[in-house]
Amino acid sequence: MNIHCLVRNQILTLQPYQSARKFEYSGKIWLNANEHPIAPHYKYSNTNNLNRYPMCQPKELIHNYATYSGVQNNQVLVSRGSDEGIELLMKVFCDPNKDTIIFCPPTYGMYKTSAEILGINYRMIPTINNWQLNLSSIASQLNHVKLIYICHPNNPTGNIININSIIKLLKIVENKALLIIDEAYIDFCSNNSLVKLLSIHPNLIILRTLSKAFALAGLRCGFTLANAEIIKLLKKVIAPYPIPTPVIDIATQALTPEGIKYTQIRIKQIHNNRHILIEGLKRCSCVQTIFPSCTNYILVKFTPKYQVFKKLLQQGIILRDQSYQWGLTNCLRITIGSYEECQQIISILQNEQFYT
Ligand SMILES: *Cc1c(COP(=O)(O)O)cnc(C)c1O
């Protein structure tokens, strides 16, 4: 039997998402997935209930995230990472081979990959002026569009999207489409969150995660914030038991006032290390441009002849090459690691030997 006769065409031609954990290089310093460099300490406290299925939407966890983010409990959905939130929205709102989503490169790769897997059309509308939205281009291409995904702050560029342009876009698409703001990194610059607009704009949806500032990428826990009607629809399609009991337990702890306090300390450390890394990189001859960032990573354009990605890899330091992305030739994304990790990059790139 030729299994290829049975596979959906879209899957045969699919380019799978290149996640950092599929990358098989052996390195000692992992700065390619925007993870926190140090594991937080949590203990799984309920060991006697694993015979039972977990609740689909555990009340205490939902309540803790609602309190943390400043919304009502009925405006929160918890899912297996925010990647699942990205996909659930397409399942609820988009008919395959008919409806369309929009996203604005260079940006996070999962909007495209999820659409391809589900057979949903997508339109890429590149950003302009240092990765801001091209509103007139979006406004003129809204036929069949149900969802618009905006990453804010944007991955991999690190910038926030102009809030006035987001508000304009919310009005442009009113009654036509939903605007999804992916705030995976917003905890690093929380003043810029659009969560306050949820009560005025029923077509706004916000995605959040515990993977970045909360340092819990291995937990796989994310949240969708939206008006109660949208949350109800998402609950219709989410798996019956999406969040494992140990995940519920640890995520609930991470969102207590004490857990949040540790996250805030972590955020300050990342801000300090980011400053140190940027100041150090400014004095490296291979660096062309360091783009401003309000996240736990920076995008840097390097002089190609020094082969920074390859040479750091040889020394066990893994960055994320962004050259394949629209407009990002010779750009690498560097996750802000520990103080020692930042110093190590600086000392390698400032060393004359690197350039011989
Ligand atoms: C990391 C990331 C996610 C995925 O987060 P998970 O909760 O780990 O699935 C979503 N969006 C962006 C922009 C990210 O960088």
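The values are calculated or read from the model by the stated rules, or taken from the named source; none is laboratory data. If you're wondering where the values come from, they're calculated on a predicted model, not measured in any experiment. No Cβ is skipped: glycine too gets one built from the backbone with ideal geometry, and neighbour counts run over all protein chains shown.
I need every pair where a residue in region 77-93 that is on the phi > 0 side of the Ramachandran plot has its Cβ under 8 Å from the Cβ of a residue that is within 12 Å of the ligand (Cβ to nearest atom) and of a type in the set (D, E, K, R), sequence separation at least 6 or different chains.
G81/R220
What tally of residues in region 204-217 results from selecting those that are free of Cβ contacts under 8 Å to residues at least 60 places away in the same chain and surrounded by fewer than 20 Cβ atoms within 10 Å (Cβ to Cβ)?
0
Hey, any hits in region 253-271 for a residue that's under 18 Å from N73 (Cα atoms) and within 16 Å of the ligand (Cβ to nearest atom)?
Checked region 253-271: at least one residue is under 18 Å from N73 (Cα atoms) and within 16 Å of the ligand (Cβ to nearest atom).
Read through the list (1) in contact with a His (Cβ under 8 Å, 6 or more places away or on another chain); (2) of a type outside the set (G, A, S); (3) within 16 Å of the ligand (Cβ to nearest atom), then give the number of the only condition that I238 fails.
(1)
T127 passes all but one of (1) within 14 Å of the chain's Cα centre (by Cα); (2) over 28 Å from K235 (Cα atoms); which number fails?
Status for T127: all satisfied but (1).
Select, from P54, P106, the only residue that is within 29 Å of R266 (Cβ to Cβ) and touching a strand residue (DSSP E or B) at 6+ places or on another chain (Cβ under 9 Å).
P106
Kindly indicate whether I231 is part of a helix (DSSP H, G or I), under 17 Å from N74 (Cβ atoms) and touching a helix residue (DSSP H, G or I) at 6+ places or on another chain (Cβ under 7 Å).
On the way: part of a helix (DSSP H, G or I): yes; under 17 Å from N74 (Cβ atoms): yes; touching a helix residue (DSSP H, G or I) at 6+ places or on another chain (Cβ under 7 Å): yes.
So I231 passes the test.
Which ones in region 142-175 are within 16 Å of the ligand (Cβ to nearest atom) and either farther than 17 Å from S190 by Cα or not assigned by TED's automatic domain parsing to the domain that holds T107 (or both)?
From region 142-175, those within 16 Å of the ligand (Cβ to nearest atom) are 147-161, 166; that's our starting set.
Of everything in region 142-175, those that are within 16 Å of the ligand (Cβ to nearest atom) and either farther than 17 Å from S190 by Cα or not assigned by TED's automatic domain parsing to the domain that holds T107 (or both) turn out to be L147, I148, Y149, P156, T157.
Kindly provide the set of residues from region 214-235 that are away from the ligand (no atom under 11 Å from the Cβ) and hydrophobic (A, V, I, L, M, F, W, C), ordered by number.
Scanning region 214-235 gives A215, L225, A226, A228, I230, I231, L233, L234.
Please go through (1) more than 21 Å from the chain's Cα centre (by Cα); (2) touching a residue at least 24 places away in the same chain (Cβ under 8 Å) for I200 and return the number of the only condition it doesn't satisfy.
The one condition I200 does not meet is (2).
Specify the residue that is farthest from the ligand (Cβ to nearest atom); the eligible residues are those in region 62-83 that are over 29 Å from G327 (Cβ atoms) and touching a Gly at 6+ places or on another chain (Cβ under 8 Å).
Of the residues in region 62-83, the ones over 29 Å from G327 (Cβ atoms) are 62-80.
Okay, now just the ones that are also touching a Gly at 6+ places or on another chain (Cβ under 8 Å), so 77-80.
Details: L77: 13, V78: 11, S79: 8, R80: 8 Å.
The extreme case among them is L77.
For the subset of region 246-256 comprising residues that are part of a helix (DSSP H, G or I) and in contact (Cβ under 8 Å) with a residue 40 or more places away in the chain, which member is surrounded by the most Cβ atoms within 10 Å (Cβ to Cβ)? Can you show your working first?
Step one: list which residues in region 246-256 are part of a helix (DSSP H, G or I), which gives 246-254.
Filter once more, keeping what is in contact (Cβ under 8 Å) with a residue 40 or more places away in the chain: 246, 248-254.
Numbers: P246: 16, I248: 20, D249: 21, I250: 23, A251: 26, T252: 21, Q253: 17, A254: 24.
Step by step, filter region 246-256, then rank; the result is A251.
Within region 13-42, can you find the residues that are modelled with pLDDT of 90 or more and closer than 18 Å to L219 by Cβ?
Selection gives W30, A33, N34, E35, H36, P37, I38, A39, P40, H41, Y42.
Looking at region 181-208, which of its residues are within 16 Å of the ligand (Cβ to nearest atom) and outside any helix (DSSP H, G or I)?
Within region 181-208, I181, D182, E183, A184, Y185, S193, L194, I205, I206, L207, R208 meet the criteria.
Taking the residues in region 51-66 that are part of a loop (DSSP other than H, G, I, E, B) and either in the same structural domain as Y241 (by TED's automatic domain parsing) or not aromatic (F, W, Y) (or both) as candidates, determine which candidate is nearest to A254 (Cα to Cα). Give the derivation first.
Kept after step one, since they are part of a loop (DSSP other than H, G, I, E, B), are these residues of region 51-66: 51-58.
So of that shortlist, the ones also either in the same structural domain as Y241 (by TED's automatic domain parsing) or not aromatic (F, W, Y) (or both) come out as 51-52, 54-58.
Details: N51: 24, R52: 23, P54: 18, M55: 18, C56: 19, Q57: 17, P58: 14 Å.
Filtering first and then ranking leaves P58.
Has region 218-226 got at least one residue that is of a type in the set (A, V, I, L, M), in contact with a Gly (Cβ under 8 Å, 6 or more places away or on another chain) and either closer than 18 Å to I86 by Cβ or crowded, with 23+ Cβ neighbours inside 10 Å (or both)?
Looking only at region 218-226, we keep the residues that are of a type in the set (A, V, I, L, M), and these are 219, 225-226.
Going one step further and asking which of them are in contact with a Gly (Cβ under 8 Å, 6 or more places away or on another chain), we end up with none.
No, every residue in region 218-226 fails to be of a type in the set (A, V, I, L, M), in contact with a Gly (Cβ under 8 Å, 6 or more places away or on another chain) and either closer than 18 Å to I86 by Cβ or crowded, with 23+ Cβ neighbours inside 10 Å (or both).
With respect to L178, determine if the residue is more than 16 Å from the ligand (Cβ to nearest atom), touching a residue at least 24 places away in the same chain (Cβ under 8 Å) and farther than 24 Å from N32 by Cβ.
So L178 passes the test.
In region 34-61, which residue that is more than 16 Å from the ligand (Cβ to nearest atom) and closer than 24 Å to L147 by Cβ is surrounded by the most Cβ atoms within 10 Å (Cβ to Cβ)?
First, pick out the residues of region 34-61 that are more than 16 Å from the ligand (Cβ to nearest atom): 38, 41-60.
Imposing the further condition that a residue be closer than 24 Å to L147 by Cβ reduces the set to 56-57.
On the way: C56: 14, Q57: 19.
Restricting to residues being more than 16 Å from the ligand (Cβ to nearest atom) and closer than 24 Å to L147 by Cβ, the top hit is Q57.
Here is a yes/no grid of residues against (1) within 30 Å of P58 (Cβ to Cβ); (2) surrounded by 20 or more Cβ atoms within 10 Å (Cβ to Cβ); (3) not polar (S, T, N, Q):
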site	(1), (2), (3)
H275	no, no, yes
K282	no, no, yes
S293	no, yes, no
L299	no, yes, yes
L312	no, yes, yes
W326	no, no, yes
Y355	no, no, yes
